[in-house]
Amino acid sequence: MIKSILVVCEGNICRSPVAEALLAKALEGRDVQVGSAGIRALVGHGIEKTAQEVLGENGIEFTTHKARQADAEMLRKADLILTMEEFHSRSVESIAPEVRGKVFLIGKWLSNQEVPDPYRLSKEMFQNVHILLTRCVNSWLPYIK
């Protein structure tokens, strides 16, 4: 049974907090904790301005996020770890090799699709990433019981 999900990307200011917000909204009312972290986190920074703007335009307020660094303890505590790219999966597994069986691409159910990093790119790229992350999150919902 999945009670905690950790979403991991690079800096923990764009993709993983958006996925965290989307998952938390989709899982409202269920007893599942959702968090995020980065393998090279910009520790303490809030969600990137454009990412937050796109979330808001899609009806999700997510203003309390503070980026944090993925560490072995948080990885071990998570029941499911979702990453944006294969590189992130390998990085997570190098931090805590014992988590290998619970690390998956967030795009696993979409032919193992990776999610590109929109950092410092156009608002259109952030919108495209938001759409892709929404599809990824929705693809996981039948498996999160």
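The values are calculated or read from the model by the stated rules, or taken from the named source; none is laboratory data. The structure displayed is predicted, hence computed values, not measured ones. Note: ideal-geometry Cβ built from the backbone for every residue, glycine included; neighbour counts use all protein chains shown. Just the protein is used for accessible areas: all its heavy atoms, side chains included, with ligands, DNA and RNA removed. Shrake-Rupley method; radii C 1.70, N 1.55, O 1.52, S 1.80 Å.
Working carefully through the options 139, 89, find the one that is over 18 Å from residue 17 (Cβ atoms), surrounded by 14 or more Cβ atoms within 10 Å (Cβ to Cβ) and in contact with a Phe, Trp or Tyr (Cβ under 7 Å, 6 or more places away or on another chain). Criteria check complete, one pass: 139. Restricting attention to region 19-54, and to residues there that are part of a helix (DSSP H, G or I) and open to solvent by less than 10 Å² (accessible area, probe 1.4 Å), which single residue is farthest from residue 103 (Cα to Cα)? Selected residue: 54. Screening 76, 68, 15 for residues that are basic (Lys, Arg), under 17 Å from residue 139 (Cβ atoms) and in contact (Cβ under 8 Å) with a residue 12 or more places away in the chain leaves exactly one candidate, 15. Quick one: would you say residue 101 is buried (at least 20 other Cβ atoms within 10 Å of the Cβ) and of a type outside the set (Lys, Arg)? Spelling it out, it is not the case that residue 101 is buried (at least 20 other Cβ atoms within 10 Å of the Cβ) and of a type outside the set (Lys, Arg). Scanning region 96-142 for residues that are free of Cβ contacts under 8 Å to residues at least 60 places away in the same chain and aromatic (Phe, Trp, Tyr) yields a total of 2. Taken over region 1-11, residues that are under 13 Å from residue 82 (Cα atoms) and surrounded by 16 or more Cβ atoms within 10 Å (Cβ to Cβ) amount to 7.
Checking each residue in region 106-136 for being among the β-branched types (Val, Ile, Thr) and surrounded by fewer than 18 Cβ atoms within 10 Å (Cβ to Cβ) picks out 131, 134.
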